[in-house]
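Just so you know, all these numbers are worked out from the coordinates, no wet-lab data involved. Note that the coordinates shown come from a computational prediction; the quantities given were computed from them, not determined experimentally. Cβ: placed from backbone, ideal geometry, glycine included. Neighbour counts: every protein chain shown.
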Amino acid sequence: MTKLHVVVGGCAVVAMFALVGCGKNKAVAATEELADKVCACKDADCVKKETDAYSKKREELKDEKGSEADAKALEEAYKKALDCAQAKGSSKGAPGAGGEQGDKK
C-alpha cells in the first residue's frame, strides 16, 4: 500500500503545482472523481486500478491551470482519496500506508 500512497501523492502534487490560474478545471474534477471512486472501492485491487487510471488522466491534464481555490479543492480531494485508500489497505495490514499514521510496533 505504500507504493499506492506514493502514486496517489505524486499525482496530486504534480496536479497541485499545475494549478495556478483560472477557475475549477479538469484536474480538480479528475481528482474529485478519483476520490469518489477510491472510496467506493471494496478492496486494494480496486484502489490500484482507479489510481492507475488517474495517473493516465493526470498525464493528459498536466498543463491545466487553476486558482488557489482549485489547489485547495485538489488537496481536499486528494486527502479524501488517500484516507479511503488507506482504509482499504489497512484491512490487509499494510504498515506505513499513511504518512503521519505510520506507527511502528
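In whole Hz, with x marking every Gly and Pro, tabulate ³J(HN,Hα) for the stretch 41-46 from phi via Karplus 6.51 cos²θ - 1.76 cosθ + 1.60, θ = phi - 60°.
Along the stretch 41-46, the couplings run 5, 9, 8, 5, 5, 5 Hz.
Quote the FRET efficiency, to the nearest 0.05, computed for ASP63 versus GLU33 with a Förster distance R0 of 25 Å and r equal to the Cβ-Cβ distance. Working shown, then result.
Details: r = 19 Å, r/R0 = 0.75.
With a Förster radius of 25 Å, E is 0.85.
Name the long-range amide H neighbours of SER67: under 5 Å, sequence gap of 5 or more, or other chain; modelled H, no Pro or chain starts.
Long-range HN contacts for SER67: GLY21, CYS22, GLY23.
Please arrange THR31, THR51 by counting, for each residue, the other beta carbons lying within 10 Å of its beta carbon, fewest first.
Numbers: THR31 29, THR51 22.
Result, fewest neighbours first: THR51, THR31.
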